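As structure tokens, the structure follows; a few thoughts come after it.
The values are calculated or read from the model by the stated rules, or taken from the named source; none is laboratory data. All of these numbers come straight from a predicted model, not from anything done at the bench. Cβ sites come from the backbone with ideal geometry, for glycine too, and all protein chains shown count toward neighbours. Protein only, heavy atoms only, side chains kept; ligands, DNA and RNA dropped before computing areas. Shrake-Rupley method; radii C 1.70, N 1.55, O 1.52, S 1.80 Å.
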Amino acid sequence: MAAVLGGTGDLGFGLAARLAKAGVDVVIGSRKLERAVEAAEKIRTLVGRDNVHGAVNRDAAKDVEVIFFSVPYEGLVEIAREVAPFLQQSTVGVSCVVPFVEDVCAAEMLAENLQPGAKVVSALHTVSASLLSDISKPVNSDTFIFGDDRDAKKKVANLLKLVEGLRPVDGGPLKNSRYGELFTRFLVGVNKRYGVSWAGLRVTWLDDEVVAKRWEL
Ligand SMILES: NC(=O)c1ccc[n+]([C@@H]2O[C@H](COP(=O)([O-])OP(=O)(O)OC[C@H]3O[C@@H](n4cnc5c(N)ncnc54)[C@H](OP(=O)(O)O)[C@@H]3O)[C@@H](O)[C@H]2O)c1
């Protein structure tokens, strides 16, 4: 089971819908129970499955293998501290957060604010919410996955591989996440210049087979 905190918002909703469509059990987390329940119901209708429910963030954090933090940077520390006591030791925290301020790394910030030794990776920075939300089309994009714990990265990569057309590429250690986070700021500019909302990233000359193999080792 995966939790998506902030699954009531743009990116988290699309991610939760994609995972649910792929058959993953998903819990949407929100600061307000009603919002979580409403978003979960919308996704159940959208994907025609019964594998999504809503809960307040701290309840959503319990008993999940992977927990996505899909909230604005400004709320990240507070939400990480709130849910930290409810996480299992094996739960992997995933930051999707992009800070629009200088010289910070949201993924490292998440790691500092969960319990000591918590497994943290980051991903999805360059995948747009509008692309994820249109579940009728494959995403056809790469996403870098950053992290220091190989098994945690593998777990998240193998989960994200279930999103149709999404190819997780190993981005190296967690400290590299700041570059992935920064890159999104360029993509926002590209979107504006071309009048779209779905510009993404593809690493060329990297065979699918080679990329997939890395997550099997
Ligand atoms: N949108 C994109 O295309 C995109 C792409 C890549 C990465 N990202 C990053 O992904 C994260 C989520 O993006 P988004 O566009 O989905 O954001 P969003 O819609 O503005 O917010 C997501 C959810 O976060 C919760 N939230 C809002 N303010 C909060 C706060 N101060 N503390 C705790 N929770 C708060 C809200 O849920 P409740 O009110 O229900 O708690 C909201 O529905 C951001 O860090 C963003 O930079 C976004």
Length-normalised contact order of region 1-95 in % [C-alpha pairs under 8 Å, at least 6 apart]:
30 percent
Most fluctuating residue given options PRO173, PRO116, PRO72, as computed from a GNM of the chain linking Cα atoms under 10 Å:
PRO116
Expressed as a whole number of Å, what is the distance separating the alpha-carbon centroids of region 162-217 and region 89-142?
12 Å
Membrane-span-like helices in the chain: DSSP H runs reaching 18 Å or more (Cα, own axis), mean Kyte hydropathy at least -0.5?
33-47, 177-194
Sorted peptide list for 26-34, 56-64, criterion being average Cβ within 10 angstrom, highest first
26-34, 56-64
Using a probe radius of 1.4 Å on heavy atoms only, what accessible surface per residue do you get for the chain? Whole Å² is fine.
49 Å²
On full extension of the chain, what length is gained from LYS213 through GLU41, given 0.36 nm per residue of separation minus the C-alpha to C-alpha distance?
58.3 nm
To the nearest 500 deg cm²/dmol, what mean residue ellipticity at 222 nm is calculated for the chain from DSSP H runs of n ≥ 4 alone, each contributing -39,500 (n - 2.57), summed and divided by the residues?
-12500 deg cm²/dmol
Check which residues have an amide H placed less than 5 Å from PHE68's amide H, if you skip close sequence neighbours.
ALA3, VAL4, LEU5, VAL94
Set of aspartates and glutamates with alpha-carbon distance to LYS42 below 14 Å, sequence-local pairs under 8 removed
ASP10, GLU34, ASP50, ASP134
Interchain or long-range residues, amide H under 5 Å from GLY54's placed H:
ILE28
Whole-percent carbon and sulfur share, accessible surface of the chain, 1.4 Å:
53 percent
Quick one: among GLY14, GLY23, GLY93, which has the greatest mean-square fluctuation in a GNM of the chain with alpha-carbon springs under 10 angstrom?
GLY23
